[in-house]
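Take a look at the structure set out below.
Nothing in this text is a laboratory measurement; each read-out follows from the coordinates by a stated rule. Keep in mind that what you see is a predicted model, and the values were worked out from it rather than measured. We place every Cβ from the backbone using ideal geometry, glycine too, and count neighbours over all the protein chains shown.
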Amino acid sequence: MAESRAGAPAPTEVEAKHPLMEFRPRSFDTFEAWLARWRETEYLAEKLGLLHVMMDDRSWWVMKEALLFLLSIADGYADDSNFVTSRFESSSPSAKDRKKIAEKAFGVLCERFFKGDTRDNKHSWLWALTDEDLFNKILWFLRSGDFSWTGNYRPIKFDIHNHQQDIFRAFLKEFARLGWRTNNSHERQWGDDATRETVKSRLKAARPRLVEVLGALGELSWLNRQELDDASLKKLTEMAMADNHFFPSDNASSCLEALRKPISLEEAVLGGSVAAQVVLLHGIREKERARINALFEESRRRLREQKRQRELASLTKKQGELAQRAEELAEGPEGGPEDQRTNSP
């Protein structure tokens, strides 16, 4: 066997060729090609790898179809119970593997969609709001949970902090506030005037759902500085009256505190409901606004009346001056120097 100059055996012709030299890497040029591969494989590792591919800087990930797919796959990522086929399967490997895939899809959404970075002066998710299907899919993903299901954003209530949840919180906060407030940088990315108005109308119609999101974020007090419509107030009232709170007992023979739903918004405030506080403060603001507006209208009425009186006085004065001048003209010209020269012999 031939030896190298260092004394070690020289590599054979086969050994000298790197194992990867025969590999011809291929990339997914379209979402359709990626999806076809996804549907073919039944291996957990490959599905996770395919989702990881979407983290790369590719153009097709921002397609409508890709985002709709990711939102569907990530749905329920936060709870094992969402991936069981029966109540006896809670600890099965299949359920845990399904959850791993959903968590990975959620991670892709956080890094590639929910993250508020900008590229080429374009926001990473505002574009999706111009498409009605995508807008509705985002609202679907943000639907509130119930006692049997935690919801995709409900863990935020329990102060779960990690990189992905921090990204998701920032998205939820900005997205929810768009229901009441947009700015020029938002609207510039929504195209022409007609599209901008359409997006703002969608956001306004979604306010009840966005109220729920703000509630999960602990951001309901932000609404105290916004104009609230009837739909928003109705949702806030429902939230205030639906939650159980500890209230002092009104019966000396019972326990000191009782956990129950409130019977009024005022009682809900006693229980600590921020939603009830927002509704009641809105009523106070509207009452004070009406009082101040009435004072303003009365002040404007007085100013108009004062102006009318000044104009009337001015006209009256001018009329008097004109009447006096008319009388002077009616008496005829008085004899003056010119008349005397005319009448002299």
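How do VAL279, VAL274 rank when sorted from fewest to most other Cβ atoms within 10 Å of their own Cβ?
Ranked by crowding around the Cβ, least crowded first: VAL274, VAL279.
Work through the residues other than ASN183 whose Cβ is under 13 Å from its Cβ and net out their charges, Lys, Arg +1 and Asp, Glu -1.
Local net charge: +3.
Could you compute the net charge surrounding LEU265? Neighbours are other residues with a C-beta less than 14 Å from the C-beta of LEU265; K and R count +1, D and E count -1.
-1
Using θ = phi - 60° and the Karplus relation 6.51 cos²θ - 1.76 cosθ + 1.60, list the HN-Hα couplings for region 277-290 in order, rounded to whole Hz, with x at every Gly or Pro.
The phi angles translate into 4, 4, 5, 5, 5, 4, x, 5, 4, 5, 5, 5, 4, 5 Hz.
So what is the diffusion coefficient of region 223-314 in µm² per second by Stokes-Einstein at 10 °C and 1.306 mPa s, using a Kirkwood Rh over Cα pairs?
Details: Rh = 16.4 Å.
Translational diffusion coefficient: 97 µm²/s.
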